[in-house]
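The values are calculated or read from the model by the stated rules, or taken from the named source; none is laboratory data. The model shown is predicted, which means the values in this text are computed figures rather than measured ones. So basically every Cβ, Gly included, is an ideal-geometry build from the backbone, and we count neighbours across all protein chains shown. Heavy atoms of the whole protein, side chains included, go into the accessibility calculation; ligands, DNA and RNA do not. Shrake-Rupley method; radii C 1.70, N 1.55, O 1.52, S 1.80 Å.
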Amino acid sequence: MGGTGGIGAMTATAAAESEALATLHRVFGYEAFRGEQEAVIEHVVAGGDAVVLMPTGGGKSLCYQIPSLVRPGTGIVVSPLIALMQDQVDALRALGVRAGFINSTQDFDERRVVEAEFLTGELDLLYLAPERLRLDTTLELLSRGKISVFAIDEAHCVSQWGHDFRPDYLTLSLLGERWPDVPRIALTATATHATHQEITERLNMPSARHFVASFDRPNIQYRIVPKADPKKQLLGFLREEHAGDAGIVYCLSRNSVEKTAEFLSRNGVEAVPYHAGLDAGTRAAHQSRFLREDGLVVVATIAFGMGIDKPDVRFVAHLDLPKSVEGYYQETGRAGRDGLPSTAWMAYGLNDVIQQRKLIQSGEGDEAFRRRAASHLDAMLALCETARCRRGQLLAYFGQDPEPTGCGNCDTCLTPPETWDGTIAAQKVLSTVVRLQRERGQKFGAVQIVDILLGKRTGKVIQFDHDQLSVFGIGEELSEGEWRGVIRQLLAQGLLAVEGEYGTLVLTDGSGTVLRREREVPLRKEPPKPVTSRSASGGSGTAGGKGKAKAAVVELPERLMPAFEALRAWRAEQAREQGVPAYVIFHDATLREIVTVWPSSVRELGSVSGVGEKKLATYGEGVIGVLAGLGGSTPETAPDDDWPELDAEPEPDWE
Ligand code: ADP
Ligand code: ZN
């Protein structure tokens, strides 16, 4: 179709563009492209290579699905996530897209069917794991069919520095040599410049266009609280703000994963563990329950989560400090893909800092590796200790411009922490460390230092005669928790360091400047009362004056809740019958819009975002039937002033 002149080319592009848009409307039922989607799709449909950086929930899938549908041939999607391929394919089939996968979970006959469909041009999309793509038999199969586009999902798996490294990704560079005329699109939610470079080089995509979306996730509320009794704090957070919600709790060790899952279950929160120590069957079963059930909590190590595209994960909680800002951002990003208000909550304390510093020192790797790990941790600590907007700090870390006045939807914006002059307190801590070392030649950990400052005659204090030190009892003005806060912040600021297997405290180059009074040490006061999403989130409509929370949606008016619940129940039944996750039928966001619009006919239902041609045909009657059963027309509008009461209402029963 493309002419040679400028006008011809433009017409070709315009036609492709409108075909893409028509596909968006018809197949996906969405009104408009989001952010960079349109530019990416236009570029790939026209045959260009693309490297796409977009946050989780940003809408990466459409960037390769639509080109696969618009261009002739089958789109080949390379994805490391064998366990999720079935769900991905189910979700596409529910939209009427001809999708399939080839992986090790299939038997010979199943595979043959898919191969035949590919060869006869009956597939729009074919999912493959990289280790399969590498095989000669697969390459041979692919060369006998017609390929529209290669999509390389989770492209950061090519990076040897990340924890998701997959050696098989390295062989993907051959795609460009073997199929020079097929466009390639690499996608990731990992935002750092270094990873970006690595993807481009290792996948051999020098002429790719680069698309970098905004990494802001405005519907996620970021909160980091001081750690006291983490399991209890978590339980309180879940009960108060996320009763009955689906979410992920991250812990560092398998042991704490098991214990936390058990603790939650014992306390009435349905939770299952997930870590690499469980056998594959259990892991798959827990993952599948998480995707299929409403409101299950998964307690996991970082082994869980990549590629989980469950849209209604309402919270991600960290009970241990992630090793880097990248990790934190990836993990928290799994919340709220549907754009509805969600919470990223973390409990963080002194032991986290000590533990992580110890891990780095005693860990494997050469000096360069350790330095890199330490700088990652420093950035993470800076995020934890900042008195400024957390979102701003995150965006700045990824090289993007934050809102100068703060985001209005993180704990530091909602309740700005007070700072205090901690110079004298810092000097007291540092002098204690100095005294122990100079006068006694000893090194101790934080517990002993705090006991000495508080003048506590514990067994260990008496054993070492530490009550004879001149610093004994000089810190009675602060509580134990406050002293731990001081030490934590000194560690975070590099004014104190951790050494050896026992995590003893030692001075750094910076300590001297504090001891010699050459600098001040501003410290952050631990917030007295925790912020809760209910009082804080823009979603509840009670943001109280200064919060200008950006969460895109408002809570449903109470009068519409019964209809929403009825639709959810109907959806659960459909999902059970078909053996697919509920969100494959419709997302929560779509159900909310349905009850808000209250369509009276199948045709009218078609205008709701997220209702495409196929879904309308499959479920249209069903949805209209449910609404009709509730009275047929939208309930009387209640006066606005019954909104605040929403907060006082208990969560609807979700079982
Ligand atoms: P990612 O893969 O980048 O994490 P997804 O492709 O899963 O994100 O998209 C996230 C969510 O946003 C999905 O629920 C998807 O259906 C929805 N979505 C994507 N693009 C659009 C759009 N243009 N309009 C409305 N919803 C969209
Ligand atoms: Zn903020």
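Consider Ala116 against the criteria (1) open to solvent by 30 Å² or more (accessible area, probe 1.4 Å); (2) touching a Ser or Thr at 6+ places or on another chain (Cβ under 7 Å): it satisfies all of them except one. Which criterion is unmet?
Failed condition: (2).
Give me the pairs, please: first residue somewhere in the stretch 406-419 and farther than 10 Å from Tyr222 by Cβ, second residue anywhere and away from ligand 1 (no atom under 16 Å from the Cβ) and part of a strand (DSSP E or B), beta-carbon distance under 6 Å, and either six or more positions apart or on two chains.
Sorted first by the residue in the stretch 406-419, then by its partner, the pairs are Pro417/Arg524; Thr419/Pro522; Thr419/Arg524.
Please give the helices (runs of 4 or more DSSP H) falling wholly within the stretch 444-518 in which 3 or more residues are surrounded by fewer than 16 Cβ atoms within 10 Å (Cβ to Cβ), out of contact with any helix residue (DSSP H, G or I) (no Cβ under 6 Å at 6 or more places or on another chain) and at pLDDT 90 or above.
Counting at least 3 such residues, we get 459-463.
Take the residues of the stretch 291-306 that are open to solvent by 10 Å² or more (accessible area, probe 1.4 Å) and over 19 Å from Arg239 (Cα atoms): which is farthest from ligand 1 (Cβ to nearest atom)?
So the residue we want is Thr301.
Of everything in the stretch 388-427, what is open to solvent by less than 60 Å² (accessible area, probe 1.4 Å), touching a Leu at 6+ places or on another chain (Cβ under 8 Å) and modelled with pLDDT of 90 or more? Give them in sequence order.
Answer for the stretch 388-427, where residues must be open to solvent by less than 60 Å² (accessible area, probe 1.4 Å), touching a Leu at 6+ places or on another chain (Cβ under 8 Å) and modelled with pLDDT of 90 or more: Arg390, Gln393, Leu394, Gly408, Gly422, Ala425, Ala426, Gln427.
Can you pull out every residue in the stretch 116-138 that is touching a Lys or Arg at 6+ places or on another chain (Cβ under 7 Å) and either among the hydrophobic types (A, V, I, L, M, F, W, C) or not assigned by TED's automatic domain parsing to the domain that holds Arg184 (or both)?
Hits for the stretch 116-138 are Leu119, Leu123.
Restricting to the stretch 568-593, name every residue that is in contact with a Phe, Trp or Tyr (Cβ under 8 Å, 6 or more places away or on another chain) and not polar (S, T, N, Q).
Arg571, Ile585, Phe586, Leu591, Arg592
Out of the stretch 374-387, which residues are among the aliphatic types (A, V, I, L, M) and surrounded by fewer than 19 Cβ atoms within 10 Å (Cβ to Cβ)?
Ala374, Ala379, Ala382, Ala387
Hey, which of the strands (runs of 3 or more DSSP E) in the stretch 167-283, taking only ones fully inside, have at least 2 residues that are more than 30 Å from Val486 (Cβ to Cβ)?
Hits in the stretch 167-283: 184-188, 209-212, 247-250, 271-274.
Search the stretch 79-90 for residues being closer than 18 Å to Gly305 by Cα and touching a residue at least 60 places away in the same chain (Cβ under 8 Å), and hand back the single one that is farthest from ligand 1 (Cβ to nearest atom).
Restricting to residues being closer than 18 Å to Gly305 by Cα and touching a residue at least 60 places away in the same chain (Cβ under 8 Å), the top hit is Ala83.
What tally of residues in the stretch 136-166 results from selecting those that are farther than 26 Å from Thr192 by Cα, assigned to a strand (DSSP E or B) and β-branched (Val, Ile, Thr)?
Result for the stretch 136-166: 1.
So which of Ile102, Ile76 ends up being without any contact (Cβ under 8 Å) to a residue 60 or more places away in the chain and of a type in the set (Val, Ile, Thr)?
Ile102 is the lone residue from the list that is without any contact (Cβ under 8 Å) to a residue 60 or more places away in the chain and of a type in the set (Val, Ile, Thr).
Quick check on the stretch 9-19. Is at least one of its residues more than 22 Å from the chain's Cα centre (by Cα), open to solvent by less than 40 Å² (accessible area, probe 1.4 Å) and at pLDDT below 95?
Checked against the condition, which is being more than 22 Å from the chain's Cα centre (by Cα), open to solvent by less than 40 Å² (accessible area, probe 1.4 Å) and at pLDDT below 95, the stretch 9-19 yields at least one hit.
Among (1) more than 30 Å from Ala285 (Cα to Cα); (2) open to solvent by less than 60 Å² (accessible area, probe 1.4 Å), there is one condition Arg571 misses while meeting the rest; what is its number?
Unmet condition: (1).
Identify, please: which residue in the stretch 48-71 is more than 8 Å from ligand 1 (Cβ to nearest atom) and more than 19 Å from Phe28 (Cα to Cα) and is, among those, surrounded by the most Cβ atoms within 10 Å (Cβ to Cβ)?
Step by step, filter the stretch 48-71, then rank; the result is Val52.
Any idea which of Glu122, Glu117, Glu38 is within 16 Å of ligand 1 (Cβ to nearest atom) and more than 30 Å from Arg283 (Cα to Cα)?
Glu38
Considering only residues that are among the β-branched types (Val, Ile, Thr) and either farther than 23 Å from Asp229 by Cβ or under 10 Å from the mean Cα position of the chain (by Cα) (or both), which ones fall in the stretch 313-354?
Correct list: Val313, Val316, Val325, Thr332.
Residue pairs, Cβ under 6 Å, 6 or more apart or interchain, first in the stretch 162-176 and at pLDDT 90 or above, second part of a loop (DSSP other than H, G, I, E, B) and aliphatic (A, V, I, L, M). List them.
Listed pairs, sorted by first residue: Leu172/Leu203; Ser173/Leu203.
Show the residue pairs that are 6+ apart or on different chains and have beta-carbon atoms under 8 Å apart, the first residue being within the stretch 38-60 and closer than 19 Å to Ile199 by Cα and not assigned by TED's automatic domain parsing to the domain that holds Trp179, the second being open to solvent by less than 20 Å² (accessible area, probe 1.4 Å) and more than 10 Å from ligand 1 (Cβ to nearest atom).
none
Would you mind stating whether Lys146 is farther than 20 Å from Ser324 by Cα, of a type in the set (Lys, Arg) and in contact (Cβ under 8 Å) with a residue 12 or more places away in the chain?
yes
Identify the single condition in (1) open to solvent by less than 40 Å² (accessible area, probe 1.4 Å); (2) more than 21 Å from the chain's Cα centre (by Cα); (3) closer than 30 Å to Glu565 by Cβ that Tyr274 does not satisfy, given that it satisfies every other one.
Condition not satisfied by Tyr274: (2).
From Gly445, Gly408, which residue is within 16 Å of ligand 2 (Cβ to nearest atom) and small (Gly, Ala, Ser)?
Gly408
Go through (1) closer than 29 Å to Gln578 by Cβ; (2) at pLDDT 95 or above; (3) under 18 Å from the mean Cα position of the chain (by Cα) for Phe290 and report which single condition fails.
Among (1) closer than 29 Å to Gln578 by Cβ; (2) at pLDDT 95 or above; (3) under 18 Å from the mean Cα position of the chain (by Cα), the lone unmet condition for Phe290 is (2).
Filter the stretch 325-345 down to the residues that are within 15 Å of ligand 2 (Cβ to nearest atom) and of a type outside the set (Ser, Thr, Tyr), then identify the one that is most open to solvent (accessible area, probe 1.4 Å).
My answer is Pro341.
Return the only residue of Ala213, Ala194, Ala261 being open to solvent by 50 Å² or more (accessible area, probe 1.4 Å) and small (Gly, Ala, Ser).
Ala194
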